[in-house]
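Note sheet for the following structure.
The values are calculated or read from the model by the stated rules, or taken from the named source; none is laboratory data. A quick note: this is a predicted structure, and the numbers were derived from the prediction, not measured. Neighbour counts are summed over all protein chains in view; Cβ atoms, including those assigned to glycine, are modelled from backbone coordinates with ideal geometry. Accessible surface is based on the protein model in full, side chains and every heavy atom, while ligands, DNA and RNA are left aside. Shrake-Rupley method; radii C 1.70, N 1.55, O 1.52, S 1.80 Å.
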Amino acid sequence: MYINIISLILLYYLKMPLGLNTVSEEWKRIFNGGMIASVALLALEALNIPLLDYLFSALSYILAALIVYVSLRNPELHHRKGLIYAWLPIMGVLLLTDLTEFISESLYQSLEGYFGTVKVFALIWAIAMWINNTKQRKALELERRKTEEKEKEYKITEAIKEQLEIQVAERTAEIMRQKEELVVALEELKAAQEQLIHAEKMASLGELTAGIAHEIQNPLNFVNNFSEVSTELLQEMKVELREGNSEEALEIAEDVIENLGKIAHHGKRADSIVKGMLQHSRANAGQKEETDINLLADEYLRLSYHGLRAKDKAFTADFKLDLDPNLPKIEVIPQDLGRVLLNLINNAFYAAAEKKSMLTEAKTNTSTFIPTVTVTTKKLKKGIEIRVRDNGNGISEEIRSKIFQPFFTTKPTGKGTGLGLSMSYEIITKGHGGQLNLESKPGEYTEFIIILP
Amino acid sequence: MKILIVDDERDVELLFRQKFRKEVRSGSLELCFAFSGNEALELLGHENPPKVVYVFSDINMPGMTGLELLKNIKERFPQINVSMISAYGDSENFEKAMNSGAKEFFTKPIDFESLRAEIVTLISQHNSQSNG
């Protein structure tokens, strides 16, 4: 009878989960079957049917043995070993007692006292083991809960991570789209810049045209005049020769030779001006070549002066060239450097003329002020220096920082593109590895200093 | 008779000397040259009264322009004739020159025949004056 109760307890616990260990549905069915069997056996034993009682008792032990055997042999049920070991002694004692009683009533009676003691010990063992198991179970339970919590947390983290990943993907897509847009915008800006640079070139060419026309007209006049006068001289020479005045004739011949030299000189002058103009307007990047900076400075100072003169009849200014005769030839892109010089010199003339017209408007005594632009070249220890100085109104401190920015201009709308100085800066620094600096005293002067290596 | 030619182009001197070679040789004409307005005024201020009777000046020069020189000469030496020579034969310059008392206005390239005619008339006037 007791053994069936133990079976019931064992089966009940076997069914229950222990910590993280659970049993499969199939095992549960088997255990349920076992429980029904033990309940049935309990009931049958309770009927106290003589003779059959022994059979039920034997069946009960067989069932208990099966439970023990199955539990210990199956790896799936190993976590219940403790339970089995707790109950095993008392089961053994019960079996021994029943067997002894079955075999010999007298032996049983003589040993009954011992059996009682052993039963008590087995029971104590069972209880001790049970308490111990309970502790273990609680520890395992705790562990299971922790693990479950961790799993929950992990799942939450996973969910957040997924969400984040989605957001990141969305943002990335957004950024990529913006990047694409920016690339397109940049391309458009580059194209616009190209066009503006071209426009600036053309604008400065326009400023040059009048100067160039004047500069070409002068040598052409000389070519025409000297060839005319040479014809006259040669006719005179013929007369002198006929009259036998060879002295006179020789003198005239010398003059004619000199004149032909002049014709060649002025022809070349016109030629170089035209070449310079072609170079200036050329769109592609020029080649660096050994250049006489003094010549270039002289040429562009004149072009600028005559250009402004031709455009504005009221324009008056003085210009000075202070050229270092020891200036070495250096490698530059002549048309680019020419563009810079033209820009700086034009600005200088503009600034000086502005001051003059300001003084005139203010009805101050203007006779003492002569707008003057001075171009100076100097050999440095390393490289050369070109200074373009005007005695205009100067540049104030606050404007000075903006002056090399593209599109910054102090000229009235339509008079300046605002690209001249920024382009000059690019040409000197990036194109030639030089420096473009500025010195100015408001009201007195402005001086741009180009340093070329 | 002495005339002064003012032009920043130095080759003008050679050209004028050759063009008026005969006149210079015969002694009826004396030429002198200045290459800027200031130089011209200095030259004129050197002699008192200046022997120069006629000035031909370019308008377009660095520093003092021909028109400024014209005004200066007319203020200081009203008896000297001044004619302008300019590459820019526009009416504005012409008006200004004439209003400031220029005698003639020549455009570049110089028509030496008309210039010679002008000078020849001058010489004959000058001669008749000095003779008279």
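Enumerate the amide H contacts of B:Val82 below 5 Å, restricted to partners 5 or more residues apart or on another chain; note that Pro and chain-start residues carry no placed amide H.
B:Val55, B:Lys103
What average number of partner chain Cβ atoms lie no more than 10 Å from the Cβ of the residues making up B:17-28?
2
Within the set A:Lys311/A:Lys356; A:Lys275/A:Lys382; A:Lys190/A:Lys275; A:Lys275/A:Lys320, which residue pairs have Cα atoms separated by over 23 Å?
Check vs 23 Å cut-off fails for A:Lys275/A:Lys382; A:Lys190/A:Lys275; A:Lys275/A:Lys320.
Do the sum for the protein assembly as shown: with -39,500 (n - 2.57) for every DSSP H run of n ≥ 4, divided by all residues, what is the mean residue ellipticity at 222 nm, to the nearest 500 deg cm²/dmol?
Mean residue ellipticity at 222 nm (helix-derived): -22500 deg cm²/dmol.
Reachable aspartates and glutamates from A:Lys379, Cα under 16 Å, same-chain residues fewer than 8 places away excluded?
By straight Cα distance, A:Lys379 reaches A:Glu290, A:Asp292, A:Asp322, A:Asp324, A:Glu331.
Report ³J(HN,Hα) in whole Hz for each residue of region A:382-396, in order, from the Karplus equation J = 6.51 cos²θ - 1.76 cosθ + 1.60 where θ = phi - 60°; Gly and Pro get x.
10, x, 9, 10, 10, 10, 10, 10, 10, 9, x, 7, x, 10, 6
Taking each residue in A:226-235, count the Cβ atoms of any other chain within 10 Å of its Cβ, then average. What number comes out?
Going residue by residue through A:226-235 and averaging, the value is 3.
Output ³J(HN,Hα) for region B:17-24: one whole-Hz value per residue in order, computed from phi by the Karplus curve 6.51 cos²θ - 1.76 cosθ + 1.60 with θ = phi - 60°, and x for Gly and Pro.
Ordered by residue, 3J(HN,Hα) equals 4, 6, 5, 10, 3, 5, 4, 5 Hz.
On a 22 Å Cα-Cα criterion, which of the cross-link pairs A:Lys402/A:Lys430; B:Lys22/B:Lys103; A:Lys238/B:Lys22; B:Lys2/B:Lys74; B:Lys2/B:Lys103 come out too long?
B:Lys22/B:Lys103
Taking a point 7 angstrom from the Cα of B:Glu30 along the C-beta vector, which residues in region B:89-132 have backbone N less than 17 Å away?
In region B:89-132, the label zone of B:Glu30 (backbone N under 17 Å from the point 7 Å along Cα→Cβ) covers B:123-124, B:126-131.
For helix A:105-242, report the angle its Cα long axis makes with the longest principal axis of the Cα atoms of chain A; keep it between 0 and 90° and round to the nearest 10°.
For helix A:105-242, the angle is close to 10 degrees.
Please state the relative contact order of chain A as a whole percent: Cα pairs under 8 Å, 6+ residues apart?
Contact order relative to length: 10 percent.
Around B:Phe33, which amide H atoms from residues at least 5 apart in sequence, or from another chain, sit under 5 Å from its own amide H, with H modelled in the peptide plane?
Counting only residues 5 or more places away or on other chains, the set is B:Ile5.
Using label points projected 7 Å from each Cα along Cα→Cβ, tell me how many nm separate A:Glu149 and A:Tyr12, to one decimal.
3.0
Mind giving me the nanometre distance, one decimal, between the label points for B:Glu104 and A:Glu254, set 7 Å out from Cα along Cα→Cβ?
Result: 3.1 nm between the two label points.
What do you get when you divide the Cα radius of gyration of chain A by 2.2 N^0.38 Å, with N the number of residues?
So the Cα radius of gyration is 2.58 times the expected 2.2 N^0.38 Å.
How would you rank A:387-398, A:181-192, A:94-105, highest first, on the average number of other Cβ atoms within 10 Å across their residues?
The densest-packed peptide leads the list: A:387-398, A:94-105, A:181-192.
Need one value for B:62-72: mean number of C-beta atoms belonging to other chains within 10 Å of its residues' C-beta atoms.
The per-residue average across the peptide is 3.
At 7 Å along the Cα-to-beta-carbon direction for both A:Asn224 and A:Gln195, put a label point, then send me their distance in nm to one decimal.
Each label point lies 7 Å from its Cα, and together they span 4.2 nm.
What order do A:Tyr69, A:Tyr13 take when sorted by accessible area (1.4 Å probe), most exposed first?
Descending order: A:Tyr69, A:Tyr13.
Amide H neighbours of A:Ile384 under 5 Å, at least 5 residues apart or on other chains, H built in the peptide plane: list them.
Long-range HN contacts for A:Ile384: A:Leu452.
Would you please put A:152-164, A:435-447 in order of how densely packed they are, using the mean number of other Cβ atoms within 10 angstrom per residue and starting with the highest?
Descending mean neighbour count gives A:435-447, A:152-164.
Lysine pairs, Cα distance under 23 Å, 8 or more residues apart or cross-chain: how many in region A:2-157?
Eligible lysine pairs with Cα atoms under 23 Å apart amount to 16.
For A:Met237, B:Met98, what's the largest-to-smallest order of accessible area, 1.4 Å probe?
Reading off the accessible areas and sorting them downward yields B:Met98, A:Met237.
HN-Hα J couplings of region A:318-335 from phi, Karplus 6.51/-1.76/1.60, θ = phi - 60°, integer Hz, Gly and Pro as x?
Taking θ as phi minus 60°, the curve returns 10, 9, 10, 10, 10, 9, 6, x, 8, 5, x, 6, 10, 7, 9, 8, x, 5 Hz for region A:318-335.
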